[in-house]
Amino acid sequence: MDLPRIVENSPFARLARLKLGARTVAMVLGRSIHLSGVTREEFLRDPFWVAHEMEHIRQFAQHGRLGFLVRYLRDWVRHGYYHIPFEVEARAAAERDAHLYAAGRPLPAPAQRHPTPKANG
Ligand SMILES: [Zn+2]
């Protein structure tokens, strides 16, 4: 499974992390996954999280950089973070696709998974 470029200690992800008050953030910009508060290795250890971000990569490719960002921010204002359709899709994709990124290991137990933010993140 080809992974996109992963950027550790990303200033963009750090801004998002501070804004959201989250301990760790992964965010997709174009075809890259930007991390803050988490190493590449830790991120890749959670196949649910990887599958979630891979769905955002797909959404970015489908809608284009501007189309994605405009919809994302519009829907955030309209519906709140948890109900942004892109996030709803990404959570469903995580459940559906995690096995693709498990690298032959058993899927992590719920307590080992990156928590899904309820309000932010
Ligand atoms: Zn997401």
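Is it true that residue 78 is more than 14 Å from the ligand (Cβ to nearest atom), modelled with pLDDT of 95 or more, open to solvent by 40 Å² or more (accessible area, probe 1.4 Å) and assigned to a helix (DSSP H, G or I)?
yes
Is it the case that residue 70 is part of a helix (DSSP H, G or I), loosely packed, with under 15 Cβ neighbours inside 10 Å and modelled with pLDDT under 95?
no
Can you confirm whether residue 104 is at pLDDT 95 or above and out of contact with any Phe, Trp or Tyr (no Cβ under 6 Å at 6 or more places or on another chain)?
No: the conditions fail for residue 104.
Do the conditions hold for residue 47, that is, is it away from the ligand (no atom under 11 Å from the Cβ), surrounded by 13 or more Cβ atoms within 10 Å (Cβ to Cβ) and more than 16 Å from the chain's Cα centre (by Cα)?
So residue 47 does not fit the description; no.
Taking the condition within 11 Å of the ligand (Cβ to nearest atom), touching a residue at least 12 places away in the same chain (Cβ under 8 Å), surrounded by 18 or more Cβ atoms within 10 Å (Cβ to Cβ) and closer than 19 Å to residue 2 by Cα, does residue 98 pass?
no
Of the residues that make up the range 28-41, is at least one of a type in the set (Asp, Glu) and either within 11 Å of the ligand (Cβ to nearest atom) or touching a His at 6+ places or on another chain (Cβ under 9 Å) (or both)?
No, every residue in the range 28-41 fails to be of a type in the set (Asp, Glu) and either within 11 Å of the ligand (Cβ to nearest atom) or touching a His at 6+ places or on another chain (Cβ under 9 Å) (or both).
Filter the range 29-43 for residues that are among the aliphatic types (A, V, I, L, M) and modelled with pLDDT of 95 or more; which is surrounded by the most Cβ atoms within 10 Å (Cβ to Cβ)?
33
The values are calculated or read from the model by the stated rules, or taken from the named source; none is laboratory data. Just so it is clear, the structure is predicted and the values come from calculations on it, not from any experiment. All Cβ positions, glycine included, derive from the backbone under ideal geometry; neighbour counts span all protein chains shown. Note: areas computed on protein heavy atoms with side chains; ligands, DNA, RNA excluded. Shrake-Rupley method; radii C 1.70, N 1.55, O 1.52, S 1.80 Å.
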